[in-house]
């Protein structure tokens, strides 16, 4: 499948590397590819420059957001949640129309420092904002409740015995996403229902960031024991 | 230990029954004991009338909130989250002063139907509101992330292999609560830190109510896999 991943941070890289390894034709979208490749310093999250990662992943193309979206059959929003609506506008409604759009972002607001708060919550979610802004995209919220490494290698934590959630209004789109998740190694996938259930998964972030502090590792995830 | 449980619903009954069974001297607090005992209809959550439960738990006293609080060495707020501040005012600051106060309530707002929203969230929590209103109480948030039955019999789900969180500003109070939780059978207790971390556990409720709908049972809980 042709997959376009919007975002060059650790989440975008992790998803691009794994889907490429699984045989998909992967493009990463960014605002300005030349500028992205020209950076020589670690980003604000401490990730190495994109060019360093890209040297080991030459099979992944780097294009502008709109070109990447046009090329992709399935799109992943792996941008910073605070910038996601703008990134998707740059990708363009035409490039998203009719396609499955996996939203893995969280609307975290770090403007007051740590811990972050949520820019939208409880009566709305980033996923629903995206769906309203791009009504022809088939938005599925997934993978936003764990670290980038755990997203694509669930077996790296507790032998994979933990849970990933999906939310969305389009049953076929969710089925496509669930197949992709299973190809990553996910065994416990819970379909929570329509896209409004993404409010619940986005609101997991406040406890996630506190657990990160207490456990001193990002190698953890929620499991729904039952 | 003398334990006072404020609230006569399923959570209050569950905690009262279990702590009494474990040998504690338990009092349930209510607004008007005579009125509580006079009810003959199921409550709005479908629980049998309190008197029915009380016939099998004659060792648990039923007193007014203030009398119960005065008698208790450890207090549990098991009232409806939307009413908790009022209930605790009726219990009285004097009766709470210096005591461990376990807050198991959630600030759910059902005024717009299902799913409920949260009356307070993200930048504040019910637990912090209670701590500010009763600065001499030693508030510990715990047990608010699972069903009443699971709270006191964790082994009833997945052999007890799941997690309970505690939040609070007073290390000794948390230690007392953790001992009580272990006596219920809890093995995985995560101390998240100060009381502001209760924002995270209260914000688990939106996904909890959706899981209740999808799983068709309340016999589940979150486990932090790591």
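Nothing in this text is a laboratory measurement; each read-out follows from the coordinates by a stated rule. On a predicted model such as this, the values are computed, not experimentally measured, just so you know. Please note: Cβ atoms are built from the backbone with ideal geometry, for glycine as well, and neighbour counts cover all protein chains shown.
Listed values, structure above:
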quantity	calculated
Candidates B:39, B:31, B:55, filtered to the one that is without any contact (Cβ under 8 Å) to a residue 24 or more places away in the chain and touching a helix residue (DSSP H, G or I) at 6+ places or on another chain (Cβ under 8 Å)	B:39
Residues (under 20 Å from the mean Cα position of the chain (by Cα) and loosely packed, with under 15 Cβ neighbours inside 10 Å) located in the range B:33-44	B:43, B:44
The range A:96-116: number of residues that are farther than 15 Å from residue A:78 by Cα and without any contact (Cβ under 8 Å) to a residue 60 or more places away in the chain	8
Residue B:215 free of Cβ contacts under 8 Å to residues at least 24 places away in the same chain, within 11 Å of chain A (Cβ to nearest Cβ) and surrounded by 17 or more Cβ atoms within 10 Å (Cβ to Cβ)	no
Residue A:8 closer than 28 Å to residue A:93 by Cα, touching a helix residue (DSSP H, G or I) at 6+ places or on another chain (Cβ under 7 Å) and in a loop (DSSP other than H, G, I, E, B)	yes
